[in-house]
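Novice: Below: one structure in structure tokens.
FYI, it's all coordinate maths here, none of it is from the lab. On a predicted model such as this, the values are computed, not experimentally measured, just so you know. When we count neighbours, we look across all protein chains shown, and the Cβ atoms used for this are built from the backbone with ideal geometry, even at glycine.
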Amino acid sequence: MMKNIAVLWVLLYTTVVVIGQTTDTLAVVVVTAQRMEEPLTDIPLNISTITAVQSQTRQDRSTPEMLLSVPGVFVQKTNHGGGSPFLRGLTGNQTLLLVDGIRLSNATFRYGPNQYLNTIDPFSIERMEIWKGGGSVPYGSDALGGTIQVRTIDPSFSSGDPVFSGQALGLWRSQGMEKTAHPEGEFSARRVAIHLGGTIRDFGDLVGGDTTGLQSPSGYPEGAFDIKAKVMAGERNILTGAYQFFRQTNVPVYHKIQLEDYARNHFSLQQRQLGYFRWERFPEKSFFEKITATASFQQTDEHRESQKNNNPVLRREADAVSSAGFSVQAEAHPLQAWRMVGGIEFYNDQVGSQRVDIDNLTSLSTDKRGLYPDGSVFSSLAAFWINHWDWEKWGLTAGARYNQFFISVNEETLGKTQLNPGATVYQAALLRKISDTGRLFAGIQTGFRAPNIDDLGSLGIVDFRYEVPTLDLKPERSTQAETGYRLVTPKLQTEVSAFWNELRNLITRVRVEDDSIGGYPVYRKENAEEGFIFGAEARADWTLGQRLRLRGAVTLAIWAKSHQRRAFATHSPCFWPPWFGI
């Protein structure tokens, strides 16, 4: 039996921005979406940017909220501490998140909206690059809907005497909804540059208008710290070390308390730490112009507490993912019209997961299996190669990537399972310069998402269902074609594009017939669906004089999918447009 679903959504926004005394022209934007610096005007890909200055003008509260004005991006917030971006209709583990070129997405990122982008302090960000529909070739798994690259503040070297600078920001919102303090400072010398910042925030319960009223509980405290140091070693080496710390405590999951009869349902801890060391070398006489090596370690901790009304049992869950990464890449300019970058990268995720149930009447504690198989390992090894040719009127981008995964799931009841899926993806895009300011572009790219530990081994209540493990999943895959027109002048930047994204082997939750646990219907995951998304979007950025700027965008998209239901399945959940908050 085949089932077809089609969903149409339209997003439209316009803004009028009053700016201080500044230039009356728009700056040329340089992006690093393809692992090397390129001017955005001449890239045959759909990439948008948002800077910290633009975000501060709007007083965005969190990192996900910075994306609210990006064309083709929708941000869904189920709770005050969340915020999940939708790119080309996809979100959660089907969109790739990066911080300074390092994967934020890890082995336990779940399907559907999640809160992980909100574990980046918005005050530490210099800019964000949003690549709609692409990213698997340069960065690997998960980029079915696209890639969000967060670039944190980069300290700059001084050309003269050492310079100290700093600033402090304080923010207070009425009715106790927010109190924020953020100091930061920077030291710049000829060979040393350091930037550091810290943030303390206290979010109170949200107060809605009209009949909404006070949404309690929804508030929580938050703290963050970041430091980045750069050292120029000789004339051709730059060493960078960075550390980021972010922590939220007692974040209420408001919709569960309101809709699922919970007395308490909180993220008692949401914490992320990232440290990395990067070496950049610029050889004097070599085939390579630049060689970059990066070693990173990231630790994410998620603790949850839940207790139903009129139930004495308090459930405490703790999940931790330790992610070690290493990459090396080299950039070259073999010919005047030809630039390329290639390299290898490796990531290893170690997953820890525990649960304890505490009976408040008897004070008896019972250890149980966590949400994920404790001790599971998710490793990835990949090689990539990206080329860009630039002739007088034409530009061409082409590249490929091979990714091999090594997955070990240590399931208590089913034993230890080894999986080794692999994927090869490619991209090719062409740009035609039809005038000094106008560009036509078209391209095709493939993407994939390897099944992660959340897909393979989750066991327990997730949203309104109970999930059981599945250990025979294949990677999800996509093929996307896109065409568009871009106009860039000193005062006007506009872009119109249309896209088609075909999705295969989609992993979906499938209902297990006549089975329920604790009143929740039981689901397992299967490669049970195929579908496609097509649409169009347009944006414009127009500067009028030195103090006024107009921005606007419109997005139209349609999602349709069909799937073959398995013999044991009696129902398969359908896709909802993002504003339904599923």
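Novice: Reachable lysines from Lys290, Cα under 18 Å, same-chain residues fewer than 8 places away excluded?
Specialist: Lys230
Novice: Another one. Please state the charge dipole magnitude for the chain, taken about the Cα centre, from unit charges on C-beta atoms (+1 on K and R, -1 on D and E), reported in debye and rounded to the nearest 20. Please report the intermediate quantities before stating the final value.
Specialist: On the way: 59 positive and 61 negative charges, 156 e Å.
That gives a dipole near 740 debye.
Novice: Using +1 at the Cβ of each Lys and Arg and -1 at the Cβ of each Asp and Glu in segment 57-140, identify which of Gln59, Asn114, Ile125 lies farthest towards the dipole's positive end.
Specialist: Asn114
Novice: Using a Förster distance of 45 angstrom, determine the FRET efficiency expected from the C-beta separation of Leu556 and Tyr402, and round it to 0.05.
Specialist: On the way: r = 35 Å, r/R0 = 0.79.
Efficiency, rounded to the nearest 0.05: 0.80.
Novice: Starting from the 7 Å offset along Cα-to-Cβ, what nm value, one decimal, do you get for the label separation of Ala293 and Leu171?
Specialist: For the pair Ala293/Leu171, the computed spacing is 4.0 nm.
Novice: A further question on this structure: Let me check against my output: what whole-number percent is the relative contact order of the chain, with C-alpha pairs under 8 Å and at least 6 apart?
Specialist: Working: 1649 pairs, mean separation 83.8, N = 582.
After rounding, I find 14 percent.
Novice: Let's test the formula: R0 of 30 Å, r as the Cβ-Cβ distance of Asp472 and Leu259. What FRET efficiency results, to the nearest 0.05?
Specialist: Working: r = 33 Å, r/R0 = 1.10.
Approximately 0.35, to the nearest 0.05.
Novice: Multiply the residue gap between Ala337 and Asp154 by 0.36 nm, knock off their C-alpha separation, and tell me the result in nm, one decimal place. Let's see the in-between values first.
Specialist: Working: separation 183, 0.36 × 183 = 65.88 nm, distance 2.96 nm.
Length gained between Ala337 and Asp154: 62.9 nm.
Novice: Another question, if that's okay. Going by how many other beta carbons lie within 10 Å of each one, how would you line up Ser322, Ser84, fewest first?
Specialist: Working: Ser322 16, Ser84 21.
By the 10 Å Cβ count, ascending: Ser322, Ser84.
Novice: May I ask which residue of Thr180, Pro421, Tyr466 lies farthest towards the positive end of the charge dipole of the chain, with charges of +1 (Lys, Arg) and -1 (Asp, Glu) on Cβ and the Cα centre as origin?
Specialist: Sorting the options by dipole projection puts first Pro421.
Novice: Another question about this same structure. Please compute the length gained on full extension between Trp279 and Arg465, using 0.36 nm multiplied by the number of residues separating them and subtracting their Cα-Cα distance. Working shown, then result.
Specialist: Details: separation 186, 0.36 × 186 = 66.96 nm, distance 4.64 nm.
That pair, Trp279 and Arg465, stretches by 62.3 nm at full extension.
Novice: Where in segment 267-283 does the amide nitrogen come within less than 20 Å of the point 7 Å from the Cα of Ala233, taken along Cα to Cβ?
Specialist: Within reach of a label on Ala233: 275-283.
Novice: Now for a separate question. Mind checking the full-extension length gain between Asn420 and Gln546? Use 0.36 nm per residue of separation minus the Cα-Cα distance, one decimal, nm. If you can, show how the numbers build up before the last one.
Specialist: Numbers: separation 126, 0.36 × 126 = 45.36 nm, distance 5.69 nm.
Stretched out fully, the Asn420 to Gln546 stretch lengthens by 39.7 nm.
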